[in-house]
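Engineer: To start, I am sharing the structure in question, which I have written as structure tokens.
The values are calculated or read from the model by the stated rules, or taken from the named source; none is laboratory data. Keep in mind it's a predicted model, so treat the numbers as computed, not measured. For neighbour counting, all protein chains shown are included, and Cβ atoms are generated from backbone atoms with ideal geometry for every residue, glycine included. Protein only, heavy atoms only, side chains kept; ligands, DNA and RNA dropped before computing areas. Shrake-Rupley method; radii C 1.70, N 1.55, O 1.52, S 1.80 Å.
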Amino acid sequence: VPFAVNYFLGGSVISLPLLSVILLLNGAAYGAFFAGSRAWFLFFKQKKRSVKTFYWFRPAKAVRSTGLYFSLFFKKLMWTLIFTSPGLLLITAAVLVAADGGVEFNLFATWIAGGAALLLTGAAFLYLFLQRYFLVPYLKIINPSVKNREIFSKSREYMNGKIKKTALMKLSFLPWFSLSAAVIPVFYVWTYYSQSCAVMAQDICRQQKEMNLAQTEK
């Protein structure tokens, strides 16, 4: 590890392009896995399941899925900073003031408790808020040619009224993941969780299509 750090951060003309290529290839590989794994579970009972899964491992498709993954990542990162900043700033301010010896212990403890409460509240609201992006990868898999901006817009639309149900479904897996550390294999729990998410995504999309069809017929 030290050798790798010294090599890549040593300012070598060769190492920087090499590092860029490695990061690009890793990003493309993860982007393909990001879409391909969800396609595998989404089309679980359909024919040509493997074809629809490995479709996302083609170079051009891997680039698309990687772009979607990073778009989703940075959106979630932005909202994470917005929701957690008040609590983090309050805790940081308390620690900095206490480091200078300018605050009593009771006030410091109250300050920290208030910051922790803000942080936990922000994290709870963040968790619920991010469920609006739950359908993003699934909608992209169903409609590969649709632009990312429209995919995000459709996900927000489809998840209207479904956020609480989706959040509770995911939380129900916490005991499973906690047990997987010692009893149940992680691979089994992750597979069960991924399949459950895919089934819920299919159900939400089906309900939305039925709703749109009903509105069109009126």
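Engineer: Taking into account only those residues within region 174-199 that are closer than 17 Å to Ala39 by Cβ and small (Gly, Ala, Ser), which is least open to solvent (accessible area, probe 1.4 Å)? Working first, answer last.
Structural biologist: Step one: filter region 174-199 for residues closer than 17 Å to Ala39 by Cβ, giving 190-191, 193-199.
Of the ones still in play, those that are also small (Gly, Ala, Ser) are 194, 196, 198.
Numbers: Ser194: 17, Ser196: 29, Ala198: 1 Å².
If we take residues in region 174-199 being closer than 17 Å to Ala39 by Cβ and small (Gly, Ala, Ser), then Ala198 is least open to solvent (accessible area, probe 1.4 Å).
Engineer: Residue pairs, Cβ under 9 Å, 6 or more apart or interchain, first in region 161-179 and closer than 18 Å to Ile204 by Cα, second of a type in the set (Lys, Arg) and assigned to a helix (DSSP H, G or I). List them.
Structural biologist: Ile163/Arg132
Engineer: Using the structure shown, decide if Lys75 is modelled with pLDDT of 90 or more and surrounded by fewer than 18 Cβ atoms within 10 Å (Cβ to Cβ).
Structural biologist: Here the answer is yes, as Lys75 does meet what is asked.
Residues are listed down the side, and each one gets a yes or a no for (1) modelled with pLDDT of 90 or more; (2) in contact with a Phe, Trp or Tyr (Cβ under 6 Å, 6 or more places away or on another chain); (3) of a type outside the set (Lys, Arg):
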position: Leu107; (1), (2), (3): no, no, yes
position: Thr121; (1), (2), (3): yes, no, yes
position: Lys140; (1), (2), (3): yes, no, no
position: Phe173; (1), (2), (3): yes, yes, yes
position: Tyr188; (1), (2), (3): no, no, yes
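Engineer: Which of the residues belonging to region 31-62 are part of a helix (DSSP H, G or I) and loosely packed, with under 15 Cβ neighbours inside 10 Å?
Structural biologist: Once the filter is applied, which keeps residues that are part of a helix (DSSP H, G or I) and loosely packed, with under 15 Cβ neighbours inside 10 Å, region 31-62 yields Ser50, Val51, Phe54, Pro59, Ala60.
Engineer: Another question about this same structure. List, please: which pairs have Cβ atoms under 8 Å, are six or more places apart or on different chains, and start with a residue in region 62-79 that is closer than 13 Å to Phe152 by Cα and end with one that is open to solvent by 80 Å² or more (accessible area, probe 1.4 Å) and in a helix (DSSP H, G or I)?
Structural biologist: Filtered contacts from region 62-79: Tyr69/Tyr30.
Engineer: Name the residue, out of Ala94, Ala113, Ala124, that is loosely packed, with under 14 Cβ neighbours inside 10 Å and over 30 Å from Ser194 (Cα atoms).
Structural biologist: Only one candidate passes the filter, namely Ala113.
Engineer: Residues to consider are Tyr158, Tyr188; find the one that is hydroxyl-bearing (Ser, Thr, Tyr) and in contact with a helix residue (DSSP H, G or I) (Cβ under 7 Å, 6 or more places away or on another chain).
Structural biologist: Numbers: Tyr188 fails: in contact with a helix residue (DSSP H, G or I) (Cβ under 7 Å, 6 or more places away or on another chain).
That would be Tyr158, the only listed residue that is hydroxyl-bearing (Ser, Thr, Tyr) and in contact with a helix residue (DSSP H, G or I) (Cβ under 7 Å, 6 or more places away or on another chain).
Engineer: Considering only residues that are of a type outside the set (A, V, I, L, M), open to solvent by less than 50 Å² (accessible area, probe 1.4 Å) and assigned to a helix (DSSP H, G or I), which ones fall in region 130-172?
Structural biologist: Scanning region 130-172 gives Gln131, Tyr133, Pro137, Tyr138, Lys140, Asn148, Phe152, Ser155, Tyr158, Thr166, Lys170.
Engineer: Enumerate the pairs (first residue in region 123-137 and closer than 9 Å to Phe83 by Cβ and among the small types (Gly, Ala, Ser); second residue anywhere and open to solvent by 20 Å² or more (accessible area, probe 1.4 Å) and at pLDDT below 95) with beta-carbon separation below 6 Å, excluding pairs fewer than 6 apart on the same chain, so at least 6 apart or on different chains.
Structural biologist: Within 6 Å, no pair qualifies.
Engineer: So for region 200-217 (the condition being within 17 Å of Arg132 (Cα to Cα), open to solvent by 90 Å² or more (accessible area, probe 1.4 Å) and not aliphatic (A, V, I, L, M)), does at least one residue qualify?
Structural biologist: Yes; the residues of region 200-217 include at least one that is within 17 Å of Arg132 (Cα to Cα), open to solvent by 90 Å² or more (accessible area, probe 1.4 Å) and not aliphatic (A, V, I, L, M).
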